[in-house]
Amino acid sequence: MPEQQPPRTGSDLVVECLSAEGVELVAGVPGTTVMDLIDSLARQSSIRFVHTRHEQVAGFLADGVSRAGGLGVALVSRGPGAANAAIAVHNAYDESVPLLLLVGQVPGSITERRSFEEMDVVATFTPMSKWTVEVHRADRIPELLQRAVRTAVTGRPGPVVVSLPLDVLQAEVAPDVVPARRVRTFPPGPAPDAVTAAVRVLGEAERPALLVGGGGAGRSAQLARLADRLAAPLVTTWLRQSTVSHDDPAFLGALGYGAHEVTEEVVRDADVLLAVGCRFSEFSTKRWTLVQPGTRIVHVDVDPVELGRVHLPEVGLVTDAGLAADALTAALPEPPPARRDRVADLRRRYLAATSLDSPALAGDDPAGKVSSIAVVRALQAVADAEGTLLVQDAPSFGPWSHRYLRLPRPGSFAGSAGGAMAWGFPAGLGTALARPDLRVVTVSGDGSFWMVAQDLETAVRERIPTVNVVVNNDAYGNTRDRQRSAHGGRYLGVFYGNPDFAGFARSLGAFGARAATDDEVGPAIQAALDQDLPAVVEVVQDQMYGLPPGLLPPAAR
Ligand SMILES: Cc1ncc(C[n+]2csc(CCOP(=O)(O)OP(=O)(O)O)c2C)c(N)n1
Ligand SMILES: [Mg+2]
């Protein structure tokens, strides 16, 4: 007997709205309040539903989709599901990543009674989202979802949370209630007067510097032209090193934890700083000590709130990084030759500092196990190959890639400055789903990977062939190092045992390999890349090994 078509409900309308917004993938975990939504997804074919084994993975996976250019959407149930997804919302907020989290909510008829798994979604997520809204009428789903998506992607992007009570999802909706149009607005162009004022300040510079943040993503060509016209060194904020090509003669590295001295010097010595799409974060500014009080600042950001929030600019331009770069490049005069000589000189020093033969690495002691230099060399081969994307999770290996990995292709590396451990592996899954043309290689610490390792099953089930390098030191190495440098070497809460990662991978049907010596790292990663399977490549390091020589973390203050 053919099944009877159920009446069209709020859930159906939500899915229609997502489709109208161009969403092709929703990641989530089921639960009572979202069963109708999942059923609506089951009755259509334009949106793929990927279920994960933990809500944080659904959230981080959606984050990866967004970073790959789509709109990441995660779907979770009320209280416990939403709480598990909170880390992804928090991280996306810090990272200016557009993300849509849909939360099933208890029906309106029983709210405010501490019903089973009830959570005040609006109160919980408002402080860590760009906008959180609860929908109380099914006929307002098109209006509010349209606004949610537009809010997430417009201006400085960010996460938006939509709470969908069960009664709204189950309500029958009339045929004339249809999805809203997909609306995208253009960023404002720079005001001509602001460009004139900026050019005047920049024209008076002897030692200008160009500082580029996440707002510069996708604008590498315009930013390179601007750096050339200004004859200024270009540095990026923390973990945004892939915004421009490292082959660019003006590129002087990324700021933040592990930055080279010459990179910091560029900002410290600048008499005029042109900051584009950056928010002067704590890490990128060495807790706001790098930019000197006398430095004149021209600040470009699409979000006017950022202009003057930390450092007061002499000129502020509210606009997109690429539009600003084009306008300034066209208006700036030919720079004096001395400035070009200075950039070339700084660049020579930068290249010397980033060399794996640098004397700074002489003290590196991997204690007979795999050195991070070997990991950098192996990943350099990945970074050099066309069609690859490196995704770097939080911990101790970060400063190694920061200092020594050269990224010839803009956009070929992603890192998360939000600080959340375990972002990398799921974000890599999302990126690979959204960009199947890319070969995604993630790099995580063992502690970070194990927080989300269960979702290797998701990768196998959904056939997402990312290669996941796990740097295994049987330790929360980053926190161990704080105990080493600031707590007299009293280690507590930082050491543990690990499974055989390669065996774990194989037990789930993934590819597993283990590199126990320097020579084995490159071939193990290549063997993983040669498969069409999700893969784990365990890199065995010493339990006390970690950061580049001389880089112990300072005490917390
Ligand atoms: C979710 C989360 N919990 C705790 C921390 C604090 N933290 C930062 S790094 C780190 C240890 C990371 O260990 P691992 O992933 O093994 O990397 P390693 O430093 O050993 O290379 C911890 C606990 C964090 N950043 N995020
Ligand atoms: Mg570790």
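If you take the residues of the stretch 435-487 that are of a type in the set (Lys, Arg) and more than 21 Å from the chain's Cα centre (by Cα), which of them is farthest from ligand 1 (Cβ to nearest atom)? Going through the qualifying residues, I end up with Arg463. In the stretch 380-397, the qualifying residues are those that are open to solvent by less than 30 Å² (accessible area, probe 1.4 Å) and closer than 15 Å to Ser412 by Cβ, and the one that is nearest to ligand 2 (Cβ to nearest atom) is Gln392.
Restricting the first member to the stretch 470-498 and to residues that are free of Cβ contacts under 8 Å to residues at least 12 places away in the same chain, and the second to residues that are near ligand 1 (Cβ under 9 Å from one of its atoms), the beta-carbon pairs closer than 8 Å and six or more apart or on different chains are Gln483/Val494; Tyr491/Arg480.
Does Ala381 satisfy being within 14 Å of ligand 1 (Cβ to nearest atom) and either outside any helix (DSSP H, G or I) or not hydroxyl-bearing (Ser, Thr, Tyr) (or both)? Here the answer is no, as Ala381 does not meet what is asked.
Ser11 satisfies every condition listed in (1) outside any loop (DSSP other than H, G, I, E, B); (2) farther than 30 Å from Phe283 by Cα; (3) among the small types (Gly, Ala, Ser); (4) open to solvent by 20 Å² or more (accessible area, probe 1.4 Å) except (4). For the stretch 398-423, a residue qualifies if it is within 14 Å of ligand 2 (Cβ to nearest atom) and in contact with a Ser or Thr (Cβ under 6 Å, 6 or more places away or on another chain), and the qualifying residues are Trp400, Met421, Ala422.
Taking the conditions (1) away from ligand 2 (no atom under 16 Å from the Cβ); (2) open to solvent by less than 50 Å² (accessible area, probe 1.4 Å) in turn, Arg461 satisfies each one other than (2). Answer yes or no: is there a residue in the stretch 162-183 that is modelled with pLDDT under 95 and either not charged (D, E, K, R) or not in a loop (DSSP other than H, G, I, E, B) (or both). Yes, the conditions are met somewhere in the stretch 162-183. For the stretch 510-519, the criterion of being away from ligand 2 (no atom under 16 Å from the Cβ), among the charged types (D, E, K, R), farther than 21 Å from Thr458 by Cα and in contact with a Lys or Arg (Cβ under 9 Å, 6 or more places away or on another chain) is met by at least one residue. In this structure, Arg506 qualifies as part of a helix (DSSP H, G or I) and either modelled with pLDDT of 95 or more or surrounded by fewer than 24 Cβ atoms within 10 Å (Cβ to Cβ) (or both). Of all residue pairs spaced 6 or more apart or on separate chains, those with beta-carbon atoms under 9 Å, a first member in the stretch 345-372 that is more than 17 Å from His402 (Cβ to Cβ) and among the β-branched types (Val, Ile, Thr) and a second member that is in a loop (DSSP other than H, G, I, E, B) and open to solvent by 30 Å² or more (accessible area, probe 1.4 Å) are Val370/Ala516; Val370/Thr517; Val370/Asp542.
Screening the candidates Arg309, Arg377, Arg287 for the property of being on the phi > 0 side of the Ramachandran plot, within 24 Å of the chain's Cα centre (by Cα) and surrounded by fewer than 17 Cβ atoms within 10 Å (Cβ to Cβ) yields one hit, Arg287.
Scanning the stretch 36-53 for residues that are assigned to a helix (DSSP H, G or I) and either free of Cβ contacts under 8 Å to residues at least 24 places away in the same chain or closer than 26 Å to Ala427 by Cβ (or both) gives Leu37, Ile38, Leu41, Ala42. Only one of the numbered conditions (1) at pLDDT 95 or above; (2) open to solvent by 10 Å² or more (accessible area, probe 1.4 Å) is violated by Val267, and that is (2). The set of residues in the stretch 513-557 being away from ligand 1 (no atom under 16 Å from the Cβ), open to solvent by 10 Å² or more (accessible area, probe 1.4 Å) and assigned to a strand (DSSP E or B) consists of Ala513, Arg514.
Being surrounded by fewer than 24 Cβ atoms within 10 Å (Cβ to Cβ), within 22 Å of Pro159 (Cβ to Cβ) and in contact with a strand residue (DSSP E or B) (Cβ under 9 Å, 6 or more places away or on another chain) is the requirement here; does Gly22 meet it? Judged against the criteria, Gly22 is not a match.
Filtered by the rule that a residue be open to solvent by 30 Å² or more (accessible area, probe 1.4 Å), in a loop (DSSP other than H, G, I, E, B) and modelled with pLDDT of 95 or more, the stretch 417-458 gives Met421, Arg435, Pro436, Asp437, Leu438, Met451. Number of residues in the stretch 250-264 that are part of a strand (DSSP E or B) and open to solvent by 10 Å² or more (accessible area, probe 1.4 Å) equals 0.
The set of residues in the stretch 228-249 that are under 21 Å from Asp301 (Cβ atoms), part of a loop (DSSP other than H, G, I, E, B) and open to solvent by less than 10 Å² (accessible area, probe 1.4 Å) comprises Ala232, Pro233, Val244. Ala194: surrounded by fewer than 21 Cβ atoms within 10 Å (Cβ to Cβ), farther than 27 Å from Leu71 by Cβ and among the aliphatic types (A, V, I, L, M), yes or no? So Ala194 fits the description; yes.
The values are calculated or read from the model by the stated rules, or taken from the named source; none is laboratory data. Note that the structure is predicted; figures quoted are calculated from it, not measured. Here the Cβ is made from the backbone with ideal geometry for all residues, glycine too, and neighbour counts use every protein chain on show. To get the accessible areas, we keep the full protein, side chains included, count just its heavy atoms, and leave off ligands, DNA and RNA. Shrake-Rupley method; radii C 1.70, N 1.55, O 1.52, S 1.80 Å.
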